[in-house]
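Working notes for the structure below.
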Amino acid sequence: MRASLRALAGAVVTVPITLLGLALVTFLIGRVMPIDPVLAILGDRAPEDVVARTRIEMGLDRPLPVQFFRYITQLLHGNLGNSVMTSHPVTEDIAHFFPATIELATAAMLIAMLIGIPLGVFAAVRQGSRLDNVVRVFCLTGQSVPVFVLAMLSLLVFYAKLGWAPGTGRADVVFQDMVPEVTGFLTVDTLLAGDWDSFRDAVAHLAQPAGVLAWFSIAYIARMTRAFMLDALSGEYIITARAKGLSAARIIWRHAFGNIAVRLVTVLALTYAGLLEGAVITETVFSWPGLGQYLTVSLLNADMNAVLGATLVVGLVYVVLNLLADMIYRMLDPRVR
Amino acid sequence: MNALTRDWLLSDSPASRRQAAWGRRYRLWLQFRGHGLAMAGLCVIVFVVFVSALAPLLAMQDPGAQDLAARLAPPSAAHWLGTDELGRDLYSRLVYGGRITLGMVLAVVVLVAPFGLAVGCVAGYAGGVADKVLMRVTDIFLAFPRLVLALAFVAAMKPGVESAVFAIALTAWPPYARLARAETLTFRNTDFVAAVRLTGASASRIVLRHIAPLCVSSMIVRVTLDMSSIVLTAAGLGFLGMGAQPPSPEWGAMIASARRFMLDEWWVPAIPGLAIFVVSLAFNLLGDGLRDVLDPKQS
Amino acid sequence: MLVEIRNLSIRFPTPRGETEAVRGVSLSLGQEKLGIVGESGSGKSLTARSILKLLPSNARISAERLAFDGTDVLSASEADMRAIRGRRAGLILQDPKYALNPVMTAGSQIAEAWRAHRPAGARAGRKEAAEAAVDLLAQVQIRDPGRVAGAYPHELSGGMGQRVMIAMMLAPSPDLLIADEPTSALDATVQAEILRLIEDLVSRRGMGLILISHDLPLVSHVCDRVAVMYAGQVVEELPARDLRHARHGYTRGLLECLPSLIHPQQRLKVLNRDPAWLDPTGVPR
């Protein structure tokens, strides 16, 4: 246990430094890079007195380190500034839009795991067979497709031509705002409210973007699982397990897969982080009202506070996920303990 | 290749360093040639480079020339791949767009690989405080979400190819530093480095002339595989309007502007999409093949 | 007859055609201890593993007869082999560091072997298996079996790891034990202990033993008969006590190369390989 406590202590030191670095980068992007930071935040149509007031508020006349210190203090108080677009505090906007992204990313993650892991395992077990070759080709092509092209193709085929999937957005117009928002996850909220029609509609709308978003991750997870399994299956302990007369299923899952499970957890954590990023583009194509769309719309409107706020939040989640992956690895692998 | 040159290259007892080096390269090439898919990837890349370099000669028309009467025309003899929503020839735009994509990828790699190599080698060889500080900085940048940070970066600067390249490069360099550092650590304690040190070589000479060249082969593998994802990220930025600006025929931007025609004139967004896919796949195949030949243990 | 091998041949495909790793090997074994001695690449491991059909997937086996206790191994299916492996014959590998599953405790691996082959109808619960594991660890002379049962393989020394392997393979009470270089990865002092343990357990349980090694004197002390393999063939087979009277050039060469404290020599003898040994005659010179 001592090793994992030490790892925890290491993380306690590392994570704040990383977050500080992230804040520094966003600070530089927001204050230092633009020619006029105030205009960058307020837009060029703000009235003169507002501009002047903001300039004093932001303390732009102070030296940079002081500005940075004030920036950090504001961040720690949860103040990310106000959005020019919505006139709300950025934190409020993000809290409103983030759950949709989490819902999308989590659904994609589940799909990616449920398909990717078995594919990888069976491709490794039947190495050289047709299944293995198909999986390898799939992994290669899956990681080369741009997600927005896939999204558009999917809409063309499954929505326009075949009519199997509903269109863009989170729910049909008919079902919008039908249930109270409890968790922010439409699928969960409709379940909690007992509204089966809304639930079915929410799931139907979630399926396509989640599937498209998962595509890249299925390929990645399958490839990593296959590589790990090939490595595990070449171990001497597999010969021992066979010599014990154990069934093939037990050897594959309890022995080989059991050995790679820890490494796979790291891969999964990184995959989830990548899904949050991929959601940015996917949400744009499917008009999914999540953080990604918030980010891109803010970009188009040059709403600096919103852009930087969203960047910080995504960065924070990223860092935490990386940390979790590392900690889980240390906790689960008996060799590291 | 005639028999004499081949024998010279494959000789078991090379007479000079040059002969040994070329012999080694030739053997690697022979090994690489056996990989069907990797060769396919290489051919595609060479083809795309060729087409991009000769774009002015190969494009039939001016990529910016609009012909509103012939908007969204299907492929025909006049326009090999049809026209887009402003009547511009898609084939010419595609060819010129390849230039932009390859140029961006090349620019990122040229910025990122030497920088990462330098940071990693210095950190790995120097050790101690320098190592810790450099690795801390690397970890910080590694923890940043690539696309999102690139978007924020581009938002502050003027959207365009230069900003996009810079933005991607900003988060693309950490893996190279990590890789270079890992390789440097394995080489630092070898006997031949100790021997060179004993002859009085300075630390910078050791790193520059002896260790860095050894890291190059695994860097090449990593770079090639990374190029595939850089192509995708650059296209993604273009799609979101943060990369090359109109009327520039960047593939991602072309897809974005043709998005609403997906249902009926599907070839207008589909063809640049296919181009992105093919180039990205080619880099992946090439990288896989290179890895099998140059650095088999890096799986 | 526990094991019957007649004219066994194992071939592997290579870029330059097929190579024969084992050619025309014939051995038989009853309830006795047979040692197979040879250098690396002589085919001794392959021969022994072929009894359990645990060869690499690209190996091609052919033989006039390859049988375990009457069952034809050549034509047996995977399911048939699974009934033999573990239950009727066990296999001990060289290095417990690699041969034991790193993420399972020693006790759970032994318990798994114990539970896999319980006779139908017998109780095979987790608790019973765990207790049986601790009991088996005591049988292989581990002083603190409870602690070792909860330990992971990387926490055990080489000797203890091998004891765990032995316990694991003896759990289903097999009739035959194949030990593939069981002591090659161990210190010299521990080697003797482990060998004594194997010999003791095999004798007490009335099992057959195939002991594979590159160490001729080691094998001759433990086994009743010794088969010497070279380049995929059995070049000589004789009772252990008659080893001094070996006639084949290779065996004699091995014996003469052994340094002796009783008869010190000025220059150590080196083995001179006679190309004639590679001929597939199978007849000692």
Exercise. Which shape class, rounded, prolate or oblate, goes with chain B when its Cα gyration tensor gives a ≥ b ≥ c as root eigenvalues, a/c under 1.5 marks rounded, and past that a/b bigger than b/c marks prolate?
Worked result: oblate
Exercise. What are the semi-axes of the equivalent ellipsoid of segment A:86-242, taken as the square roots of 5 times the eigenvalues of the Cα gyration tensor, listed largest first and rounded to whole Å?
Worked result: 37, 19, 15
Exercise. What's the average, rounded to a whole number, of partner chain beta-carbon atoms within 10 Å of each residue's beta-carbon in A:18-25?
Worked result: 4
Problem set entry | Options B:VAL129, A:LEU22, C:LEU66, ranked by Cα towards positive dipole end of the protein assembly as shown, top entry (Cβ charges) | C:LEU66
Problem set entry | Student exercise, segment C:112-255 dipole from Lys, Arg, Asp, Glu Cβ charges, in Debye to nearest 20 | 300 debye
For this session: Nearest 5 is fine: what % of DSSP beta bridges in the protein assembly as shown come out antiparallel, could you say?
Result: 60 percent
Exercise. Within chain C, how many Lys pairs sit with Cα atoms under 24 Å apart, leaving out pairs fewer than 8 places apart on the same chain?
Worked result: 5
Problem set entry | C-alpha long axis of helix B:128-142 to longest principal axis of chain B, angle in ° | 20 degrees
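Quick one: plug the Kirkwood hydrodynamic radius of segment C:171-285 (C-alpha pairs) into Stokes-Einstein at 10 °C, 1.306 mPa s, and report D in µm²/s. List each step's numbers first, then the result.
Details: Rh = 15.9 Å.
After rounding, the answer is 100 µm²/s.
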Exercise. With +1 on each Lys and Arg Cβ and -1 on each Asp and Glu Cβ, how big is the dipole of segment B:14-69 about its Cα centre, in debye rounded to the nearest 20?
Worked result: 840 debye
Exercise. Helix C:158-170 versus the longest principal axis of chain C: what is the Cα-based angle in degrees, 0 to 90, to the nearest 10?
Worked result: 80 degrees
Seminar exercise, completed: Magnitude of the Cβ-charge dipole (Lys and Arg +1, Asp and Glu -1) of the protein assembly as shown about the Cα centre, nearest 20 debye, reported as 2960 debye
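How much FRET efficiency would the formula 1/(1 + (r/R0)^6) give for A:VAL173 and B:ASP67, where r is the Cβ-Cβ distance and R0 is 35 Å, rounded to 0.05? Before the final figure, lay out each step's value.
Values: r = 39 Å, r/R0 = 1.10.
With a Förster radius of 35 Å, E is 0.35.
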Exercise. Mind checking the angle between helix B:161-172 and chain B's longest principal axis? C-alpha axes, 0 to 90 degrees, to the nearest 10.
Worked result: 40 degrees
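Is the shape of segment B:178-299 rounded, prolate or oblate, going by the alpha carbon gyration tensor and its root eigenvalues a ≥ b ≥ c, with a/c under 1.5 for rounded and a/b larger than b/c for prolate? Each step should come with its number before you reach the end.
Values: a/c = 5.29, a/b = 2.92, b/c = 1.81.
Note, shape of segment B:178-299 comes out prolate.
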Problem set entry | Low-density loop positions, trypsin sites (Lys or Arg not before Pro), segment A:149-246 - DSSP coil, at most 10 other Cβ in 10 Å | none
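Per the Kirkwood definition applied to all pairs of different Cα atoms, how many angstroms is the hydrodynamic radius of the protein assembly as shown? If you can, show how the numbers build up before the last one.
On the way: mean 1/r = 0.0307 Å⁻¹.
Evaluated over the protein assembly as shown, this radius sits at 32.6 Å.
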Exercise. Which trypsin sites (Lys or Arg not before Pro) in segment C:123-176 pass both tests, a DSSP loop state and at most 15 other beta-carbon atoms within 10 Å?
Worked result: C:ARG123, C:ARG143
Exercise. Using a Gaussian network for chain A with springs between C-alpha atoms less than 10 Å apart, which of these wobbles most: A:PHE138, A:PHE69, A:PHE185?
Worked result: A:PHE69
Seminar exercise, completed: At q = 0.10, 0.22 Å⁻¹, the log10 of I(q)/I(0) for segment C:98-201 from a Debye sum over equal Cα scatterers comes to -0.25, -1.21
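With a cut-off of at most 14 other beta carbons within 10 Å, and DSSP calling the residue loop, which GluC sites (Glu not before Pro) in segment C:184-285 qualify? Please list them.
Working: sites: C:GLU193, C:GLU199, C:GLU236, C:GLU237, C:GLU256; in loops: none.
Loop-located and lightly packed - none at all.
We did not get these values from a lab; they are worked out from the coordinates using the rules stated. Here the structure is a predicted model, which means the values were calculated and not measured. For neighbour counting, all protein chains shown are included, and Cβ atoms are generated from backbone atoms with ideal geometry for every residue, glycine included.
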